[in-house]
Amino acid sequence: MGGPAIAPIPDNPRPHVGRVLVPRERIARRVNDLAEAIEADFDGRPITIAAVMTGALIFVADLVRRLPSAMRIHLVQIRSYPGRAVASQGPTLLAGPPEDLTGQDVLLIDDILDSGRTLKRAVEEFRRAGAHAVRTCVLVAKPAEVRAADGLARADYVGFEIPPVFVVGYGMDFDDCYRNLPDIAVLEGGS
């Protein structure tokens, strides 16, 4: 029918998932902490949530339900890890911000801060669209030395600092699989 082909799901995807790096209980507590910090910083002002899809889907869903502020939610699609890649191939903008964000406070939420190039590109796009302020929130961040040369030095809100390994679960994927895992786990052979 003319749509894009859907990648086949491996017969048994779980053997590639290694140790749990961040268990679901820790994730839930940290999401609550992040929501409290964000709410305090925005001080009740309306927020435009910009969710970087598809990796941030589960994180964003959990986080926004804990934010009492008035908000709009906009989806952004930037791909850095096409297919089976375990290293960033550089950000490709597939769906960007709305055309006019003049005067709005934006919270850009992504799953991972790796090289920083994806988040940096998204921040630039939202500023170009006229956002008053753009703050960033990531579920996980790799060490600063991994991203210092290429991109964004830090995010405003970070769920967890992790070692430089390839992780899946809680929305993060490998070849569009494993997003549904409730924990953050290391992908075997992905470090």
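The values are calculated or read from the model by the stated rules, or taken from the named source; none is laboratory data. Just so you know, these numbers come straight off a predicted model, no measurement behind them. Because the Cβ atoms are built from the backbone with ideal geometry, glycine has one as well, and the counts that use them run over all protein chains shown.
Take segment 155-172 and flag every residue that is crowded, with 18+ Cβ neighbours inside 10 Å and either closer than 14 Å to ARG19 by Cα or out of contact with any Leu (no Cβ under 6 Å at 6 or more places or on another chain) (or both). Result: ILE162, PHE166, VAL167, VAL168, GLY169, TYR170, MET172.
For segment 84-106, filtered to residues that are touching a helix residue (DSSP H, G or I) at 6+ places or on another chain (Cβ under 8 Å) and at pLDDT below 90, the residue that is farthest from ILE27 (Cα to Cα) is LEU101. Per the conditions (1) at pLDDT below 95; (2) under 14 Å from ALA50 (Cα atoms); (3) crowded, with 21+ Cβ neighbours inside 10 Å; (4) not basic (Lys, Arg), the sole criterion not satisfied by ILE109 is (1). Evaluate segment 128-149: report whether one residue or more is at pLDDT below 85, within 17 Å of VAL52 (Cα to Cα) and surrounded by fewer than 20 Cβ atoms within 10 Å (Cβ to Cβ). The answer is no; no qualifying residue exists. Taking the listed residues ILE73, ILE58, the one that is within 28 Å of VAL186 (Cα to Cα), among the β-branched types (Val, Ile, Thr) and at pLDDT 90 or above is ILE58, with no other qualifying.
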